[in-house]
Amino acid sequence: MGHKSGKHIIKILNKKKSELNAPDYQHMQKVHGYISRHLAQQPENPKDSNWDYSLKNWGHDYSKK
């Protein structure tokens, strides 16, 4: 799901706000929820961990706070 979600996020980011539709907003809510939950489980050494790569697959680069 992560790679597929990342591709969807890129499509959303390339749209104008007026072009967004209900499925786009639903996906953004899903992604926000996932990232919020995942950030709460940060490991001791996050750099280059599975946790870090998982977040990147969902369009969030933790190192770019």
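The values are calculated or read from the model by the stated rules, or taken from the named source; none is laboratory data. Every value quoted in this text rests on a predicted model; they were computed, and no experiment measured them. No Cβ is skipped: glycine too gets one built from the backbone with ideal geometry, and neighbour counts run over all protein chains shown.
Exactly one residue out of LYS47, LYS30 is free of Cβ contacts under 8 Å to residues at least 60 places away in the same chain, of a type in the set (Lys, Arg) and surrounded by 14 or more Cβ atoms within 10 Å (Cβ to Cβ): that is LYS30. Within the stretch 43-65, take every residue that is among the charged types (D, E, K, R) and part of a helix (DSSP H, G or I) and give me the one that is modelled with the highest pLDDT. That would be ASP52.
For ILE35, state whether it is part of a helix (DSSP H, G or I), touching a helix residue (DSSP H, G or I) at 6+ places or on another chain (Cβ under 9 Å) and either free of Cβ contacts under 8 Å to residues at least 60 places away in the same chain or surrounded by fewer than 13 Cβ atoms within 10 Å (Cβ to Cβ) (or both). It is true that ILE35 is part of a helix (DSSP H, G or I), touching a helix residue (DSSP H, G or I) at 6+ places or on another chain (Cβ under 9 Å) and either free of Cβ contacts under 8 Å to residues at least 60 places away in the same chain or surrounded by fewer than 13 Cβ atoms within 10 Å (Cβ to Cβ) (or both). Cβ-Cβ below 6 Å, separation at least six or inter-chain, first residue in the stretch 1-25 and of a type in the set (Gly, Ala, Ser), second surrounded by 10 or more Cβ atoms within 10 Å (Cβ to Cβ) and outside any loop (DSSP other than H, G, I, E, B): which pairs? Every condition considered, the pairs that remain are GLY2/ASN57; GLY6/ASN57. Being part of a helix (DSSP H, G or I), touching a Leu at 6+ places or on another chain (Cβ under 7 Å) and among the hydrophobic types (A, V, I, L, M, F, W, C) is a property that ILE9 lacks.
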